Each structure stands twice: as structure tokens, then as C-alpha cells.
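Here is the structure we will look at, set down as C-alpha cells.
The values are calculated or read from the model by the stated rules, or taken from the named source; none is laboratory data. Fair warning: this is a prediction, and the values are worked out from it, not measured in the lab. Note that we place each Cβ from the backbone using ideal geometry, even for glycine, and neighbour counts take in every protein chain shown. Each accessible area value is taken on the protein alone, full model and side chains, heavy atoms only, with ligands, DNA and RNA left out. Shrake-Rupley method; radii C 1.70, N 1.55, O 1.52, S 1.80 Å.
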Amino acid sequence: MGVNINTKLVHGYKGYDPQTGAVSFPIYQSATFRHPGLNQSTGYDYSRLQNPTREELEKTIALLENGKHGLAFSSGMATVSAILKLFSPKDHIIVSDDLYGGTYRIFEEIYKKYGLEFSFVDTECIKNIEESIKPNTAAIFVETPSNPMMKITDLRAVAELAKSRGILTIVDNTFLTPYYQRPLELGIDIVLHSGTKYLAGHNDTLAGLIVVSDDEIAEKLRLIQKSEGAVLSPFDSWLVLRGIKTLGVRLDRQQYNAQKIANWLKTHDKVEKVYYAGLPENPGYEVLCKQASGFGAMISFHVKDEKLVESLLERLKVFIFAESLGGVESLITYPVAQTHQAIPPHIRERLGVNEKLLRISVGIEDADDLIQDLEQAMR
Ligand SMILES: *Cc1c(COP(=O)(O)O)cnc(C)c1O
């Protein structure tokens, strides 16, 4: 039966434990599994290869992204690392220039020395991607909306361009989640998530997820996953499964709050500019409306005077000054010193990730309380 995403979120893949009927899918906290006999298996042999709780999460995320295969890793960065192992020395990868700092760091500081080549370009403009393609270009890696400047990349256009040249497309879908955006449906090959963020949703665990539809890519990723062993534990898999049940209601509320806060920030005399994917003046607004059903709840803004930043961060009472995003608690981040420190100053400056930029992840608190908190901290 084809059901809507809200129903899929609540029930997951199996929905309950077929053995016992347990409605909360059990945590199979076992490293190994007894073989019924020689050359026989229950389907589970050893938890690095597969574990029932992890499998339920993997099948659930595949279902939500409308893909065929899901894989769960111990963090979002472990998924990026696994995906990069699909490539060989001398392969060239085109990457969105505005992206999560840790992703930039793993490319530049870890994988470059294994012979992978990276070009960081503004993928909001398809022409930039096209002009960066070289004979050895093997993949395009996109974050949309981008972090922290909320730039939008046209995923259908990227998929079309890449397909005609035999290039793989990879999308980090952490900010919008399958609730709002499903890149595989737009022709993208590989979707990844930091499950730490909206999917788990409570700032209580790290997790990473990959979804693909192609059997061959899935098989290669499985080999990497089981060989390297950066798998998600049964307990953490359960936490993410539990988080996913409320993803829809959380995101609806977070987006409602974010819209209110973004509009309020726009009118504030100490704020220079607001970056939110849901503002019609955001350059990518129309493209986003064509490929996603929501805008998410991440907002960045430039204050006019950088001297305001320190006191603002100290005075906030409801917003928590911490890096990360996507949880029920509203967080405020100072990208230049936290999430984007790994990115070289000249790139940061070009993007606008400077001393005046703050990023907020809007939670599910009362929107007026959040606005009041910002207001008192800015005065
Ligand atoms: C946090 C984040 C990551 C990294 O995920 P971890 O779970 O922290 O390893 C990757 N991409 C984006 C967009 C993120 O926000």
C-alpha cells in the first residue's frame, strides 16, 4: 500500500518486531549470532556485517528517501569517508564551495593525499559546474541548502548534466531530510545524511546514513561498510529510529518558528542581512520550491557590528551556544570560529562566512520566546 510520508515516518519499515509484536523496535545488543547449523544463518552472523536494529533503520531511511538500499554509519563524516572510497587516485570531484566544514576538511586534509582531486565551486550556478568538468571528473558533491549561506543548487539540472557525462552525483540531504526533499527522485545517485541532526533530532547521538537505488553502488558501499566497521551501534540505531517517528511534527514546528524568526530578524536594526531558504528574496527560492516541499529551519544572519557577537552569545538564555543543528533545542553557532574553522580564510571571506555571521538552528520552543530571547540579547 502506498502511504504518505507522515505515516512512513511513524511506522518505519517493519513497524514492529515480528517475533514479539514489540511496537518499539527492539535493540538487538548482540555482537554475534548463533548459526542454526553448518552453512546455515538466521540472516545475521556478526553485527559489523548486519544487526537487526541497524537493518530496520537502514530499511526505514531507504523507504523515506524512496531508494532501494540504506546504510547506517557511526557518524555523518563516516558516510562521507565511505563514499569517497568509491573513487580512485586521480579521480576529480566537484564540490559545493559553501559546505559543512568537516566535509571540506576530510576532502582537503585526508583524501587529497590519496590522490583525489577536488574543485570547490558555487554550485548554485549550473554553468560553474559545467565549466569545472574535466576528463577525470568522477563525481559532483552538493549540499543544498548549503551551510551556512543557504544557497540552493538545482538538483534536477545537476543530475541531468552528470548523467550525460557518466558522472556520479552525491547530495548531502541533512538540512531538509526526506520529509522535505528526496534527491533520488530528482535523479541523484547517492544521498547522505548526518543523522545526528534532524533525523535523530534530540542532540543525543551521532549517526550517518546513506541511501542509493543502484544495486552495484550499494554492493560497493556494503563492502566498504563491513570492511571498515564504522557501523552504527544497535542502541544508536534505535535512537535514530525513535527520532524519525516525530520528524514530521518536529520539522513542521521548526519551520514555522524559523519563518517567524527570519521575518523578525529582517526588520531588526542591528541585522544587516538574513539568509533563510524560505525567504522569497533568497536567490534560490524558486528552484527550491520546484524540488522540495519545505524550507527547513536553518537561518544565518550578518549583524552590522561584529562587536555585538560576543555579548549576544553571552546574553542568550533560551538559545544554546553550541555547534550542531536539527535538534528540538534551538542552538546558535558562530561558524567562523566553530563549524567552518577548517575552511581557509580567503574562501570563507568570499562566501561571507566572516566575523559578523551567526547561524541558528531553530528548535521547537515557542517562537515568541525565541524572538524575545534574541531581542533582549541584541539590546
Ligand atoms: C553535521 C554535518 C555533517 C557531519 O555529520 P556528523 O554526524 O557530525 O559526523 C555533514 N554534513 C552536514 C550538512 C552536517 O550538518
Just how large is the dipole of the chain about the Cα centre, in debye to the nearest 20, putting +1 at every Lys and Arg Cβ and -1 at every Asp and Glu Cβ? 520 debye
Show me the helices of the chain, taken as full DSSP H stretches, that run 24 Å or more along their long axis by Cα and average -1.0 or above in Kyte-Doolittle hydropathy. 247-266
Apply the a/c threshold of 1.5 to the C-alpha gyration tensor of region 308-379 and tell me whether it is rounded, prolate or oblate. prolate
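Tell me which trypsin sites (Lys or Arg not before Pro) from region 254-351 have a DSSP coil assignment and no more than 12 other beta carbons within 10 Å of their own.
Details: sites: LYS260, LYS266, LYS270, LYS273, LYS290, LYS304, LYS307, ARG315, LYS317, ARG348, ARG350; in loops: LYS270, LYS304, LYS307, LYS317.
Loop-located and lightly packed - LYS307, LYS317.
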Could you check how much of the accessible area of region 90-235 is carbon and sulfur, as a whole percent, using a 1.4 Å probe? 50 percent
Using the basic label-point model (7 angstrom from Cα toward the beta carbon), what is the ALA337 to HIS202 distance in nanometres? 3.1 nm
Two-decimal ratio, region 243-349, of alpha-carbon radius of gyration to 2.2 N^0.38 Å: 1.15
Rounded to whole Å, √(5λ) for the Cα gyration tensor eigenvalues of the chain, largest first, gives 34, 26, 18
If the cut-off is 28 Å between C-alpha atoms, which lysines fall inside it for LYS304, apart from same-chain ones fewer than 8 positions away? LYS151, LYS260, LYS266, LYS270, LYS273, LYS317, LYS356
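Just to verify a number: FRET efficiency for LYS266 and ASN39, C-beta to C-beta distance, R0 = 56 Å, to 0.05?
Numbers: r = 66 Å, r/R0 = 1.18.
With a Förster radius of 56 Å, E is 0.25.
Counting only heavy atoms of the protein chains, get the accessible area per residue of the chain (1.4 Å probe) and round it to a whole Å² value.
Working: 16200 Å² over 379 residues.
For the chain, the solvent-accessible area averages 43 Å² per residue.
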With a point put 7 Å past each Cα toward its Cβ, work out how far ILE320 is from GLN29 in nm, to one decimal. 2.4 nm
Tell me the carbon and sulfur percent of the accessible area for region 271-379, rounded to whole percent, probe radius 1.4 Å. 51 percent
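Between GLU185 and GLU131, what length comes free when the chain is fully extended (0.36 nm per residue of separation minus the Cα-Cα distance, one decimal in nm)?
Numbers: separation 54, 0.36 × 54 = 19.44 nm, distance 2.55 nm.
Result: 16.9 nm gained on full extension.
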Going through region 40-139, which trypsin sites (Lys or Arg not before Pro) have at most 12 other Cβ atoms within 10 Å and a DSSP loop state? LYS90
Taking a straight Cα-to-Cα line shorter than 19 Å from LYS113, and setting aside same-chain lysines fewer than 8 residues away, one finds LYS85, LYS90
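Helix-only estimate, please: 222 nm mean residue ellipticity of the chain, summing -39500 (n - 2.57) across DSSP H runs of length 4 or more and dividing by its residues, to the nearest 500. Intermediate values should be presented prior to the final figure.
Details: 14 runs with 135 residues, N = 379.
Roughly -10500 deg cm²/dmol at 222 nm, from the helical runs in the chain.
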Would you calculate the separation in nanometres between label points at ASN6 and SER311, each defined as 7 Å from the Cα along the Cα-to-beta-carbon direction? 4.5 nm
Region 177-247 and region 68-125: distance between their alpha carbon centers, rounded to Å: 16 Å
When you count, for each residue, the other Cβ atoms within 10 Å and take the mean per peptide, how do 205-217, 186-198 rank with the highest first? 186-198, 205-217
